[in-house]
Amino acid sequence: NAEDPENGFMPCAGHLDVFNIAGGFGVRVDTHCYSDYHIPPYYDSLIGKLIVHAENREEAILRMKRALDEFVIEGVKTTIPFCQTIMNYPDFREGNVHTKYLEEMLAESRLVGA
C-alpha cells in the first residue's frame, strides 16, 4: 500500500518515480501500477498485492522476505518496511497471530519499527 505506517497509515498519493516489483518462483504480484504512474488521492491506496507460496510456513516467510527486499518503489511511502518488520516478529513467524493481532500490537506499541 502507498501508506505511511509512521503516520497512522495515512494514504500517500503521489508520483511513482520508480516501480520495480518482485518476481520468481512462488511469487506473484497483482498490480496496476508502473514507473511514472500517478497515485490519485481519491481512491484506495492499494498499489499492489504480493502473494507467495512454498512447501511450509518457514519457506514462505523466507520467500516473502526476499520478495519484499526486491521491490524498488520511489516517490511515495509504502508499507513495505512495516511488512518486513512483521516478517521478523516471533509471533508471526510461529503462527501465533489472529485477526486482531496488528491492532493489538500497535495499540501496545510492541511492534519494533512500526
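Since every read-out is calculated from the coordinates, none of them should be taken as a lab result. All of these numbers come straight from a predicted model, not from anything done at the bench. All Cβ positions, even for glycine, are placed from backbone atoms using ideal geometry, and neighbour counts span all protein chains on display.
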Q: Enumerate the helices (runs of 4 or more DSSP H) found wholly within the stretch 1-109, keeping only those where 1 or more residues are out of contact with any Gly (no Cβ under 8 Å at 6 or more places or on another chain) and in contact (Cβ under 8 Å) with a residue 24 or more places away in the chain.
A: 57-70, 80-88, 90-94
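To keep it simple, each residue is scored yes or no on (1) surrounded by 15 or more Cβ atoms within 10 Å (Cβ to Cβ); (2) closer than 24 Å to L106 by Cβ.
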{"residue": "N20", "(1), (2)": "no, no"}
{"residue": "G23", "(1), (2)": "no, no"}
{"residue": "V27", "(1), (2)": "yes, no"}
{"residue": "H38", "(1), (2)": "no, no"}
{"residue": "L46", "(1), (2)": "yes, yes"}
{"residue": "I61", "(1), (2)": "yes, yes"}
{"residue": "V72", "(1), (2)": "no, no"}
{"residue": "T79", "(1), (2)": "yes, yes"}
{"residue": "C83", "(1), (2)": "yes, yes"}
